[in-house]
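Engineer: Take this structure first; my questions come after.
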There are 4 protein chains.
Amino acid sequence: MRFFSDNTASASPEILDAMLAVNRGLEPAYGDDRWSQRLDRVFSEFFDTEVRVFTVATGTAANALALATVTPPYGAIFAHEDAHVVRDECGAPEFFAGGARIVTIPGPHGKVTVDGVARALESNPPSVHTVQPAALTLTQASELGTVYRCTEIAALAEIAHGHRLAVHMDGARFANAAVTLGCQPGAMTWRAGVDVLSFGATKNGAICAEAVVFFDLRRVADFELRRKRAGHLLSKSRYPAAQLLAYIESGVWRRNAQRTNQLALRIGAAAASRLLSPVEGNEVFIGLGDVAMRELRHAGFEFYDWGAERSGEARFVVSWDQPEEDIGALCAALSRPIAGVIPR
Amino acid sequence: MRFFSDNTASASPEILDAMLAVNRGLEPAYGDDRWSQRLDRVFSEFFDTEVRVFTVATGTAANALALATVTPPYGAIFAHEDAHVVRDECGAPEFFAGGARIVTIPGPHGKVTVDGVARALESNPPSVHTVQPAALTLTQASELGTVYRCTEIAALAEIAHGHRLAVHMDGARFANAAVTLGCQPGAMTWRAGVDVLSFGATKNGAICAEAVVFFDLRRVADFELRRKRAGHLLSKSRYPAAQLLAYIESGVWRRNAQRTNQLALRIGAAAASRLLSPVEGNEVFIGLGDVAMRELRHAGFEFYDWGAERSGEARFVVSWDQPEEDIGALCAALSRPIAGVIPR
Amino acid sequence: MRFFSDNTASASPEILDAMLAVNRGLEPAYGDDRWSQRLDRVFSEFFDTEVRVFTVATGTAANALALATVTPPYGAIFAHEDAHVVRDECGAPEFFAGGARIVTIPGPHGKVTVDGVARALESNPPSVHTVQPAALTLTQASELGTVYRCTEIAALAEIAHGHRLAVHMDGARFANAAVTLGCQPGAMTWRAGVDVLSFGATKNGAICAEAVVFFDLRRVADFELRRKRAGHLLSKSRYPAAQLLAYIESGVWRRNAQRTNQLALRIGAAAASRLLSPVEGNEVFIGLGDVAMRELRHAGFEFYDWGAERSGEARFVVSWDQPEEDIGALCAALSRPIAGVIPR
Amino acid sequence: MRFFSDNTASASPEILDAMLAVNRGLEPAYGDDRWSQRLDRVFSEFFDTEVRVFTVATGTAANALALATVTPPYGAIFAHEDAHVVRDECGAPEFFAGGARIVTIPGPHGKVTVDGVARALESNPPSVHTVQPAALTLTQASELGTVYRCTEIAALAEIAHGHRLAVHMDGARFANAAVTLGCQPGAMTWRAGVDVLSFGATKNGAICAEAVVFFDLRRVADFELRRKRAGHLLSKSRYPAAQLLAYIESGVWRRNAQRTNQLALRIGAAAASRLLSPVEGNEVFIGLGDVAMRELRHAGFEFYDWGAERSGEARFVVSWDQPEEDIGALCAALSRPIAGVIPR
């Protein structure tokens, strides 16, 4: 039973159907096809404001390209110390931004706080000898499965903008966060001050479809050239476009996120006393202890150790196509008294 | 009738079927799925030697990443002046290689010659003041639709290796070249001295499936980190892997290339007196003159102007799913006496 | 007798005196010293317009940093094919500009022409697939010792600006050109359309003092950070500042250039029938042939072969402290009938 | 009375004399002069092992270039959180290393500990998703004026090498540290495991003379090209070479460091109860409190606030040419009971 990652999921039927539907005849490439041409409009409606949307192949590319458009090579990007851009992208933001620096900020449950950002800014005053604060990136839902409230985002964007930092949101699990908050997608992005968004669909039911959404339209020309030069302007653009259109228009984004969030809550309930963070998306972090983790693995559950520094912490991620019985089995296993569980 | 590019093609049924077939259940990501795990073996058989294969999202990424693994930031990459890496990748090789330089070489019909390479090397003698010759890249089939013979590749690789240059092949249209030569894929690559290959499948029937194939296995570790950091390690790796496996194992690579090559030859025959280059793949370059080009466009044919410097030259590319009647119509139009055709 | 390069020269007494004069007591660093603070004013008078001046350690740094401020990473820099930025800087412009490309332009006697630039622009039309034309760099005096007339610069700047390219001048031998033209320094720079200048003093009498002069002041903030991050913000800034002030204010810039230009003309006169380019600065290029070059070397003259492609061409550079007798000896040797001289 | 920085110092007479002595006649450039040619030998004797030495213009360049030769673009450099490479170089290491990351390590008094390095390595386990640990850099003397003992360096190098990290030493104040330890320069470098050293002379009596010293000779070819391409291969190389030779051979390195260390100890003694770190070089860090700092400034003392996060902490740096009476005055001022001093 695989709880490794939502990257292990297959694609939703709606997504595959959409790809089959566009697989007819000769169509212009590089974004000039009929489906790509509809993306801006559909996403503008989705976000309830005028946006520009660009597809890329991976979330890493979305983040790194988006950040590169708002960060000079001598710039500093402020990020939570556990953010994907810090931990899991092999230095992609630094590469795409021509050598910029990520300044890490600690914060409870994977989220930065206004105080944390303020302290980081204070510790990095700009002078000709230092990297120049340029961007703040927020992960929604966060790397620890938690979700920023719209007011939290607005407060963080306020301090960022007050220091002339652009605000980027890593929305690899955007749908899970939006479902948790129950808000209009615009409310947790541009209305709260987000300038550019990495919008993920791959984890939540697509095959390979990530997008960068610009609310601040001034950076778009620069982005398009950076994307091409990074090898992320896909030639047969109808296919990623079709995935994104289906993802939004069929409502699969919401349906899948609703299911995974609910299943995650069930797991969370079964491990309530040992949760490391509140369950607000499709991820559950549990302080199980090494013995219990070994037992669970022996019983056929697959999941990641969380954190490099401490042992005994487990991450369970629910995929949109996770079999119902996996959840039942996991909840049952977690509910049993387990020898050696670390007390918290 | 679209003759713009083989990027306008749809995907072959075999490719879509393969994607549907793997779309079941939870599978490991990032290359740990069952299909990705088979890639090395299948490509090793295809090339008749041990290779390592890595999927990426685009041909631009394949070229730039492959070249970056064999070129230091202060290196020089030798390429035909009309090569895709020069003309159509927005500086991706320079970006990925950390600022390396492409030195262009002229040559008839899109191909560099041993003399051309020798002259370029002579004009760029290495010293501490200069960029250091590091790689030679060959496009097979070339940007002008021509094909290097295996002996030509071997001679070029010999001079390159003699100067300690790595040899890269841009095989965006590898299948078309292989079909034209009728040779084992290994014969026009590693047996002729190619160290690393960009292997294209997208243009010839896939959706989004390009690969970098290493014959020289020493660079592989470096490549994997560069790929990740460029956002080209696709998470749901089963899908590109399935495309590539189907592309090779079903023989669709050969079947599609055979069809497009033959159709291109028909077009070439209809415009024989005005061909700018021999037709050796699925592209036909014709010196039509501005008037004739206008007339053809008026008649519903879509194609690119070729070359920025001269007008009156047209590029026609045949897609694997090009309707038979498009070819007939184009041949008929080309065979008619056309007013204003430039004499050659 | 050394005619290798004006880099072999010592420093003028005025320069050393100036360094001794500032070598007293504790002074602010990083440009906050009294001498650095005067640079903008002195250079503004020199150029007869408001400028901002920044010292760097080498001409390579001056060129690469200046170009990086006006060229995005996906940009193209147009340069003569024999320019120092192309031939002798180990890819520094590409490095500093984050992977930008230099597009080379041929042209007689080391100079680009309006036609040459026009053709290069035509061959590199911007699209999302290509590098974006961003800058034109002119070398004054050129790599072949020739000098652009002010009207030539103005015409080149006009076409450059018409395509939104910034105009950079590599003035490693600025003084030699200014003396040849006999014009106000502003006339051959900003009045003719130059936006940013690499101003060299090292070759013409300083120890280590190069400057970047901005006529277009908008790029200055970006430049300062790039300079620091490249390790070219010198800590004990009073010393380079003192050199540059002495160089301008004592008139040593003109005196040295006048001497070297005149001596070069004498050499040119002695080899008149074999000159490869007109002598307009302190460099003389002569088609001597291999035999004569061997004989000259045997007679104790040191000089460079010119050009990697052809043999038999020699470059003689006159240094400001070149002994008078070196010139006499060289002229005598060149005037003798020499066996094996290549006819031109 | 200036205690800002040792960058405010003038040059020692020995240094200026050496520059005057080499200022005669035409000499080969770019390191081919007689003085540059002696550098390797003189430094090899100084360090009691075979080394290769390269001059550069600044300490920032020395650090960034040295680190770039031992760090791939996807690499991680481990450094103390207050190191110059982190705080004061505007991202130069990231730039020169093509986008590598600096991972910061806390540690008392400006020094990293074996435990700190171990924890940092544990928190950054290499996988294809992460930056790859590549180098450990140590600042000797540290940014807080403290000095690593040879056994400390050896222990740090052992853990670094055990994880295949190269060991770099930022020796901007190398002489101060060597004098404090009273050891042979080799003892605190290669014998303790240092692979490459930034050797500073500018702060301690030179004008503009920094060097990169390689104990591990394998990286030298790569370094030379990186230096050129960064604009740090100085043309008139006799002048920096003469400075470095005089610095070593005249013993000015030791004499100046002995004086500044002793004067710093006097200041430290006068502020003993408020020292933030032990005084082991030419820097003194004192917790004075805002009121006392204001009073001192009012009395004519110039110094930096230390630390961006806390107020009330002052840094005093003694220059080699600091007037004796400055020290007396400062000690007297520090010895007076000062209102508002923060208790520690």
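Engineer: When the C-alpha atoms of region D:1-92 are aligned to their principal axes, what extent does each axis show, in angstrom, from largest down?
Structural biologist: On the principal axes, region D:1-92 reaches 45, 41, 27 Å in Cα extent.
Engineer: Now, a different point. Just checking the output field for C:193-206: average partner chain Cβ neighbours within 10 Å of each residue's Cβ?
Structural biologist: Mean shielding by partner chains, rounded to a whole number: 1.
Engineer: Oh, and also: What is the sum of charges around A:Thr104, taking Lys and Arg as +1, Asp and Glu as -1, for the other residues whose C-beta is under 9 Å from the C-beta of A:Thr104?
Structural biologist: Once all neighbours under 9 Å are counted, the net charge is -2.
Engineer: Let me have the 222 nm mean residue ellipticity of the protein assembly as shown computed from DSSP H runs of 4+ only, each contributing -39500 (n - 2.57), with the sum over all residues rounded to the nearest 500.
Structural biologist: Calculated mean residue ellipticity at 222 nm is -12000 deg cm²/dmol.
Engineer: Copy-to-copy spacing for C:Pro13, label 7 Å out on the Cα-to-C-beta vector, in nm, shortest first?
Structural biologist: 2.2, 9.4, 9.6
Engineer: Right, another one. Hey, got the dipole for region C:1-44? About the Cα centre, +1 on K and R Cβ, -1 on D and E Cβ, debye to the nearest 20?
Structural biologist: The calculation lands at about 60 debye.
Engineer: Write down the accessible area per residue of chain C in Å², having rolled a 1.4 Å probe over the full set of protein chains.
Structural biologist: On a per-residue basis, chain C sits at 33 Å².
Engineer: Okay, next question. Determine the distance separating the Cα centre of region D:187-230 from the Cα centre of region C:223-242; give it in Å without decimals.
Structural biologist: 20 Å
Engineer: Starting from the Cα coordinates of chain C, work out the convex hull volume and express it per residue in Å³.
Structural biologist: 127 Å³
Engineer: Now for a separate question. Take the alpha-carbon positions of region A:218-260, form their convex hull, and give its projected area averaged over all directions (one quarter of the hull surface) in nm².
Structural biologist: 4.5 nm²
Engineer: When N is the residue count of region D:188-333, what does its C-alpha Rg come to as a fraction of 2.2 N^0.38 Å?
Structural biologist: 1.30
Engineer: Give the peptides B:220-228, C:20-28 in descending order of average Cβ contacts within 10 Å, highest first.
Structural biologist: B:220-228, C:20-28
Engineer: Quantify how strongly other chains surround peptide C:25-38 by giving the mean number of their Cβ atoms within 10 Å of each of its Cβ atoms.
Structural biologist: Average per residue, whole number: 4.
Engineer: A further question on this structure: Determine the relative contact order of region D:8-130: mean sequence separation of Cα pairs under 8 Å and six or more apart, normalised by residue count, in whole percent.
Structural biologist: 17 percent
Engineer: About its Cα centre, what dipole magnitude does the protein assembly as shown give when the only charges are +1 on Lys and Arg Cβ and -1 on Asp and Glu Cβ, stated in debye to the nearest 20?
Structural biologist: 0 debye
Engineer: Another one. Could you name the residue in chain D with the C-beta closest to the rotation axis that superposes chain D on chain C, along with the separation in whole Å?
Structural biologist: D:Ala57, 2
Engineer: Next question. Which whole-Hz couplings ³J(HN,Hα) result when phi for each residue of region C:51-57 is put into the Karplus expression 6.51 cos²θ - 1.76 cosθ + 1.60, θ = phi - 60°, listed in order with x for Gly and Pro?
Structural biologist: Values, residue by residue: 10, 10, 10, 9, 7, 9, 7 Hz.
Engineer: To continue, here is another question. Rounded to the nearest 100 Å², what is the buried accessible area between D and C, both sides summed, probe 1.4 Å?
Structural biologist: 4100 Å²
Engineer: I've got another one for you. Pull up all non-local amide H partners of B:Tyr148: gap of 5 or more, or a different chain, and H-to-H distance under 5 Å with H placed in the peptide plane.
Structural biologist: B:Ser142
Engineer: Tell me which of B:Val70, B:Phe174, B:Phe301 sits at the most positive position along the dipole axis of chain B, charges placed on C-beta atoms (Lys, Arg +1; Asp, Glu -1).
Structural biologist: B:Val70
Engineer: Right, another one. When DSSP assigns beta bridges and you keep just the ones with both residues in the protein assembly as shown, what percent turn out antiparallel, to the nearest 5?
Structural biologist: Looking only at bridges with both residues in the protein assembly as shown, the antiparallel portion is about 50 percent.
Engineer: How crowded by other chains is B:94-106, given as the mean number of beta carbons from other chains within 10 Å of each beta carbon?
Structural biologist: 6
Engineer: Let me ask you something else. Please give the charge dipole size of region C:65-128, origin at the Cα centre, charges +1 on K and R Cβ atoms and -1 on D and E Cβ atoms. Round to the nearest 20 debye.
Structural biologist: So the magnitude is around 100 debye.
Engineer: How many percent of DSSP beta bridges within region C:150-235 run antiparallel, rounded to 5?
Structural biologist: Here the antiparallel bridges make up roughly 55 percent for region C:150-235.
Engineer: Report the relative contact order of region C:74-151, percent, no decimals, based on alpha-carbon pairs under 8 angstrom and at least 6 residues apart.
Structural biologist: Normalised by residue count, the contact order of region C:74-151 is 39 percent.
Engineer: Let me ask something else. Can you list the copy-to-copy distances for A:Arg164, using a point 7 angstrom from Cα toward Cβ, in nanometres, shortest first?
Structural biologist: Nearest first, the other copies' label points are 2.3, 4.3, 4.6 nm away.
Engineer: Using modelled amide H (1.01 Å from N, peptide plane; none on Pro or chain starts), what sits under 5 Å from the amide H of A:Ile102, excluding residues fewer than 5 places away?
Structural biologist: The list, which skips near neighbours in sequence, is A:Ile77.
Engineer: For the protein assembly as shown, which whole-number percentage of the solvent-accessible area (1.4 Å probe, protein heavy atoms only) is attributable to carbon and sulfur atoms?
Structural biologist: 51 percent
Engineer: Another question about this same structure. Run the numbers on chain B and let me know its relative contact order in percent, using alpha-carbon pairs under 8 Å that are six or more apart.
Structural biologist: 24 percent
Engineer: In a shell of Cβ-Cβ distance under 13 Å around A:Ala118, excluding A:Ala118 itself, what net charge do Lys and Arg (+1) and Asp and Glu (-1) give?
Structural biologist: -3
Engineer: Using modelled backbone amide H atoms (1.01 Å from N, in-plane), which distant-in-sequence or interchain residues come within less than 5 Å of A:Leu138's amide H?
Structural biologist: A:His168, A:Met169, A:Asp170
Engineer: Whole-Hz ³J(HN,Hα) for each residue in region C:121-136, computed from phi via Karplus 6.51 cos²θ - 1.76 cosθ + 1.60 with θ = phi - 60°, x for glycine and proline: what do you get?
Structural biologist: Working through the residues one at a time gives 5, 4, 6, 10, x, x, 8, 5, 8, 10, 5, 9, x, 10, 8, 10 Hz.
Engineer: Could you tell me the extents of region B:251-311's C-alpha atoms along the three principal axes, largest first, rounded to whole Å?
Structural biologist: Reported extents, whole Å, longest axis first: 41, 23, 22.
Engineer: Taking a point 7 Å out from Cα toward Cβ as the label site, list the nm distances between B:Gly25 and the same residue in every other copy, smallest first.
Structural biologist: Values, ascending and in nm: 4.0, 8.4, 8.5.
Engineer: At what distance in angstrom do the alpha carbon centres of region C:54-109 and region A:1-68 lie from each other?
Structural biologist: Cα centroid of region C:54-109 versus Cα centroid of region A:1-68: 38 Å apart.
Engineer: Another question about this same structure. Hey, can you rank A:255-262, D:102-109, A:170-177 by average C-beta count inside 10 Å, highest first?
Structural biologist: Sorting A:255-262, D:102-109, A:170-177 by mean packing, highest first, produces A:170-177, A:255-262, D:102-109.
Engineer: Here's something else I'd like to know. Quick one: 3J(HN,Hα) in Hz for region B:280-296, Karplus 6.51/-1.76/1.60 with θ = phi - 60°, rounded, Gly and Pro as x.
Structural biologist: These are the phi-based 3J(HN,Hα) values: 10, x, 9, 10, 10, 10, 10, x, 9, x, 5, 5, 4, 5, 4, 4, 4 Hz.
Engineer: While we're on this one: Could you sort the peptides D:11-18, C:65-72 by per-residue average Cβ neighbour count (10 Å cutoff), highest mean leading?
Structural biologist: C:65-72, D:11-18
Engineer: I would also like to ask the following. Report the one residue of C:Cys331, C:Thr146, C:Gln132 whose Cα lies farthest in the direction of the positive end of the charge dipole of chain C (charges on C-beta: Lys and Arg +1, Asp and Glu -1; origin at the Cα centre).
Structural biologist: Going by the Cα projections, it comes out as C:Gln132.
Engineer: Still on this structure: Quick check on the protein assembly as shown: what does the Kirkwood estimate of hydrodynamic radius come out to from the alpha carbon pairs, in Å?
Structural biologist: 33.4 Å
Engineer: Of the cross-linked pairs A:Lys228/B:Lys228; D:Lys203/D:Lys236; C:Lys228/D:Lys203; A:Lys228/B:Lys203; B:Lys111/C:Lys111, which ones have a Cα-Cα span greater than 23 Å in the structure shown?
Structural biologist: B:Lys111/C:Lys111
Engineer: Now, a different point. How much net charge surrounds D:Ala66 when only other residues with a Cβ under 13 Å from its Cβ are counted (Lys, Arg +1; Asp, Glu -1)?
Structural biologist: Around D:Ala66, the charge tally is -3.
The values are calculated or read from the model by the stated rules, or taken from the named source; none is laboratory data. In this text the structure is predicted, and so the values were computed from the model without any measurement. When we count neighbours, we look across all protein chains shown, and the Cβ atoms used for this are built from the backbone with ideal geometry, even at glycine. Each accessible area value is taken on the protein alone, full model and side chains, heavy atoms only, with ligands, DNA and RNA left out. Shrake-Rupley method; radii C 1.70, N 1.55, O 1.52, S 1.80 Å.
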